[in-house]
Amino acid sequence: MSAYPSNLWSIPLLVVIPIIVAVVVNFIYNRSRLIKIISIVSAVCLALIASLSSYGYHWFTGQPALRPETLTFTFDPGFPAWRLALEFYFGPLQQVMIFVMSLILIFVVAVASSGLTKRQGPYMSMIFLLFASAAIIIMVNDLYHLWIAVEIGSLVVAGVVVGSGTSVSHKAALKYTFFSALSGAGLAIALALILGLTGYSNISDAIRYLQSVNLGEMSIILYVAFAFFVLSWIYAGGLAPIHPLKSEVYGASFPHGTAMLQTQSKLMLVAIGIVMLQIFGMLPFVREVMLAISIITMMLGVVMALIQTDFRWILAYLIVSHSGLVTVGISLGTTEGLVGGIFQAVNDVIYMTVLLLCCEALYYFGGKTSTRNSLGLAKRAPWLGMAVILGTMAASGIPPFNGFQSELILIQASLKAGLPEVAAVILMVSVTTFIALFRAVYRLFLKPPETSEPVAEVKVPRSLYIGLWVFVALTLIIGVYPNIVVSFITPVAQAVSIPWYL
Amino acid sequence: MIEVTIQLLGFIAAAALVVIGIAGMLFLDNLIKKIISFTLLSDGVNLLLVALGYVEGGIVPILIPGMSVSEFAARAALVFPVGIVLTNIVIGVSTTAILVALAIMLYRRYGTLKASKVLKGERR
Amino acid sequence: MVSIDTLFDKVKKWISSFVEGNGYTNMMTGYMTGELQSLVFALILASFFRIFSIPLGMVLLIAAIAGTLYFAPLIVTLEKENSNDLNRVLYWVVIYFAIIIAVTLWGG
């Protein structure tokens, strides 16, 4: 490796474009047409950049290199082991995750700009900052940027939730921000401990140091760092003890905002999970702890979804529950598990976006999302009814949709690791997802309305329907040809996987 | 016997601040007091980071002309914790601002700052 | 004439005391499914400990069966503990954190 590798052009663009757009739309907050054009064009640009870019690094500053033979540091820039401290990496995994996220961003901004009437500029800027923070977390290869992006992301989540403007959303945002304070402090402590232990902020460097050195008594520090790291992991993804607050955040914001929030949160889970697996994966009991948290999250989320009586809250709890599916694969740490977990994350954000856009459409049909009403919407809007049923099937892992493919890989991975209980729990989650969703779908869409009063013609924005069908098509295409996505994930999974040792 | 150094005292004070902060967030009912507890927690983290970067007889980590690189490497305080502390202060301020703003909004609506009233669990 | 409560009548009265109104409302289906799910999940979680030692798993499984029968209906407790009250979630996070530190330090 040369001392000064050239930087990749696309990495700064993927971070800077959303930030600039956020500043600009905030300035022109009352010109909704201009905001719509700028947001959609820049979202399309981001998708293009992510799909066209080659792979490579972008670095910010250097650090003393470690001589492996003597374990001493040197400032000699000609030394071949020269590593870059603060760096971003754009590879196949990053490409597929950022591409899917920017695709969702396009339709989220389109739907938001046709639905919102006031406060459009600040709200849109929050959505773009959410994208920027998630993109940083996906690409980052140093603990410093990771921590900053997690902090920015959590504050922006609060902003998106407050944007929906009800007192429920203010309360949800306040509670969530309290935890962002707690977990941000935890992540800073974890970062400080790893930095103190290894002397590196670069993740690859820290991992290489930990693999080459016998820590002895000092490994206790690594355990404490792991515990603090887990705190921010469960916070970022809304895993088990924080799931009531995270689902409140999902349920209290607009459905299109939730689509973006869940995308950010699931991709963050993958990125932080891989970092944790690499740094702490070899320690005993670490993967068991991660696995236990994931399983508890899956079950609690899905059981709580069963007893909700509002379509929004059912979706909110299901999103949390399916985050557990993502983390099960990552916690297993085997190649199949990682492929399944990351693939599940990509599939999950797609089919949940379908369901959330259907939920958004309900707002145009009178805004009733409680399952106590029977609306008979399938007759008034047959295409919407069809989309919601297809989305339900994808979410509950029915072939030939994408949810089936990733859940199959996850079940195989857990059986291969000698953990049939995990496979049973995954099956239970997928069946219960169907029950929980179909209760709401039946009441809202299929059951004939109780009153037969004449209904006014409803105009649903075209962008919502286009988005709905694009994502339904994606669930089918990925379901039939899973290799489109899996081929991007497999090399990364092989590189970071650790065999399950039981 | 562990030698009592400034660094060790710093670590102990940081741990105390973090514990006080978490206890305050957990047991104090007033929203503003909870926010103050959070700032204590954040200060504890900052102190931990500063203590981590402390070097006995260290110098400011700026390479002054005339100083040899090896001397600089031996004596300079760790530069990274300083950067993290600066960032943490900025993040702490923005988090506090958002928390206080939301607390004000909720106070206007409910007329109280009691967390057990404003942020109590609700059935949906 | 004094009516004689057979065992069947007693059981029927006891079971129907759980149900108010129709036994098959939209809410009821959700709660029933949730109860069964959480019961099975408790058993699976207990049997999980076989990966550490098989006798431990067996003992915990029996304990879980006894516990779920004793504490039934589980779903009500679960719903209460999953409340979005800030203080309650904070409490659970601190407990969780303590467990994670204890387990990993003990294991290492």
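Counting Lys and Arg as +1 and Asp and Glu as -1, each charge on the Cβ, what is the dipole of chain A about the Cα centre in debye, to the nearest 20? Mind dumping the intermediate values first?
Working: 24 positive and 18 negative charges, 311 e Å.
The dipole of chain A has a size of about 1500 debye.
Taking the alpha-carbon centroid of each part, what is the distance from segment A:161-205 to segment B:60-87 in angstrom?
28 Å
For A:VAL328, A:VAL15, what ranking results if the residue with the fewest other Cβ atoms within 10 Å of its Cβ goes first?
Numbers: A:VAL328 29, A:VAL15 20.
In increasing order of surrounding Cβ atoms, one gets A:VAL15, A:VAL328.
Quick one: dipole size for segment A:284-502, taken about the Cα centre, charges +1 on Lys/Arg Cβ and -1 on Asp/Glu Cβ, in debye to the nearest 20. Please list the in-between numbers first.
Numbers: 12 positive and 10 negative charges, 98 e Å.
Here the size comes out at about 480 debye.
Just report the Cα centroid separation between segment A:22-62 and segment A:284-341, whole Å.
So the separation of the two Cα centres works out to 31 Å.
With the Cα gyration tensor of segment B:6-118 in hand, give its eigenvalues times 5 under a square root as the equivalent ellipsoid semi-axes, listed largest first in whole angstrom. Before the final figure, lay out each step's value.
On the way: eigenvalues 313, 51, 7 Å².
With the √(5λ) rule applied to segment B:6-118, the semi-axes are 40, 16, 6 Å.
Neighbouring Cβ atoms within 10 Å as the yardstick, rank C:ARG50, A:ARG287, B:ARG108 fewest first. Before the final figure, lay out each step's value.
Working: C:ARG50 15, A:ARG287 25, B:ARG108 8.
Sorted ascending by nearby Cβ count, the order is B:ARG108, C:ARG50, A:ARG287.
Per residue, how big is the convex hull of chain C when only Cα atoms are used? Give it in Å³. Intermediate values should be presented prior to the final figure.
Details: hull volume 18.2 nm³, N = 108.
So the per-residue Cα hull volume is 168 Å³.
Taking other Cβ within 10 Å of each residue's Cβ, how do B:MET67, A:MET298, C:MET32 sort, fewest first?
Values: B:MET67 13, A:MET298 28, C:MET32 16.
With the fewest neighbours first, B:MET67, A:MET298, C:MET32 line up as B:MET67, C:MET32, A:MET298.
Taking +1 at the Cβ of each Lys and Arg and -1 at the Cβ of each Asp and Glu, which of A:PRO399, A:ALA381, A:ALA424 sits farthest along the dipole of segment A:367-470 towards its positive end, judged by Cα position relative to the Cα centre?
Going by the charge dipole, the pick is A:ALA381.
How big is the C-alpha Rg of the protein assembly as shown next to the rule-of-thumb value 2.2 N^0.38 Å, as a ratio? Intermediate results must be reported in sequence, preceding the final value.
Values: Rg = 26.3 Å, N = 734, 2.2 N^0.38 = 27.0 Å.
Relative to the 2.2 N^0.38 Å estimate, the protein assembly as shown comes out at 0.97.
For n ≥ 4 DSSP H runs only, could you compute -39500 (n - 2.57) per run for chain A, divide by its residues and tell me the 222 nm figure to the nearest 500? Please report the intermediate quantities before stating the final value.
Working: 19 runs with 361 residues, N = 502.
Calculated mean residue ellipticity at 222 nm is -24500 deg cm²/dmol.
Past 31 Å, Cα to Cα: identify those pairs from B:LYS33/C:LYS80; A:LYS118/A:LYS266; A:LYS175/A:LYS459, in the order given. Working shown, then result.
Numbers: B:LYS33/C:LYS80 26 Å; A:LYS118/A:LYS266 29 Å; A:LYS175/A:LYS459 36 Å.
Violating the 31 Å limit, Cα to Cα: A:LYS175/A:LYS459.
How large is ³J(HN,Hα) for each residue in segment A:105-115, as worked out from phi by the Karplus curve 6.51 cos²θ - 1.76 cosθ + 1.60 (θ = phi - 60°), to whole Hz, x for Gly and Pro?
4, 4, 6, 5, 5, 5, 5, 5, 6, 8, x
Amide H to amide H under 5 Å from A:PHE254: which residues, 5+ apart in sequence or cross-chain, H placed 1.01 Å off N in plane?
A:SER164
Quick check for me: using +1 on Lys/Arg Cβ and -1 on Asp/Glu Cβ, what's the dipole size of chain B about its Cα centre, in debye to the nearest 20? Could you put the intermediate results ahead of the total?
Numbers: 10 positive and 6 negative charges, 230 e Å.
Computed about the Cα centre, the dipole is about 1100 debye.
Using amide H atoms built in the peptide plane, which far-off residues or other-chain residues are under 5 Å from A:ASP310 H to H?
Under 5 Å from the amide H of A:ASP310 lie the amide H atoms of A:THR371, each far enough along the sequence or on another chain.
Taking amide H positions as placed in the peptide plane 1.01 Å from N, state which residues far from B:ILE59 in sequence (5 or more) or on other chains have amide H under 5 Å from it.
The list, which skips near neighbours in sequence, is B:ALA76, B:ALA77.
Which of rounded, prolate, oblate describes segment A:96-210, given a ≥ b ≥ c as roots of the alpha-carbon gyration tensor eigenvalues and a/c under 1.5 marking rounded, otherwise prolate only if a/b is larger than b/c? Working shown, then result.
Details: a/c = 4.15, a/b = 1.73, b/c = 2.40.
Oblate shape, in that a/c is at least 1.5 and b/c is the bigger or equal ratio.
Over all distinct Cα pairs, what is the inverse of the mean 1/r for segment A:1-279, reported as the Kirkwood hydrodynamic radius in Å? Could the numbers behind the result be given before it?
Values: mean 1/r = 0.0508 Å⁻¹.
Mean inverse Cα-Cα distance, inverted, gives 19.7 Å.
In straight Cα distance, which aspartates and glutamates are under 13 Å from B:LYS117, not counting same-chain residues fewer than 8 positions off?
Of all the aspartates and glutamates, those that pass the test against B:LYS117 - Cα under 13 Å, at least 8 places apart if same chain - are B:ASP29, C:ASP85.
Report, as a whole number in µm² per second, the diffusion coefficient that Stokes-Einstein gives for segment A:284-502 at 4 °C and 1.567 mPa s using the Kirkwood radius over alpha carbon pairs.
Details: Rh = 17.9 Å.
The estimated diffusion coefficient comes to 72 µm²/s.
For the charge dipole of the protein assembly as shown, defined by +1 on Lys and Arg C-beta atoms and -1 on Asp and Glu C-beta atoms about the Cα centroid, which residue among A:PRO461, A:VAL485, A:ALA135 has the Cα displaced farthest towards the positive pole?
It is A:PRO461.
So, in Å, what gap is there between the alpha-carbon centers of segment A:237-273 and segment C:78-108?
Answer, in whole Å: 19.
Every read-out reported here was derived from the displayed coordinates using simple, explicitly stated rules and does not represent laboratory data. Not measured: the values here are computed from a predicted model. As a convention, Cβ positions derive from the backbone with ideal geometry for all residues, glycine included, and neighbour counts pool all protein chains shown.
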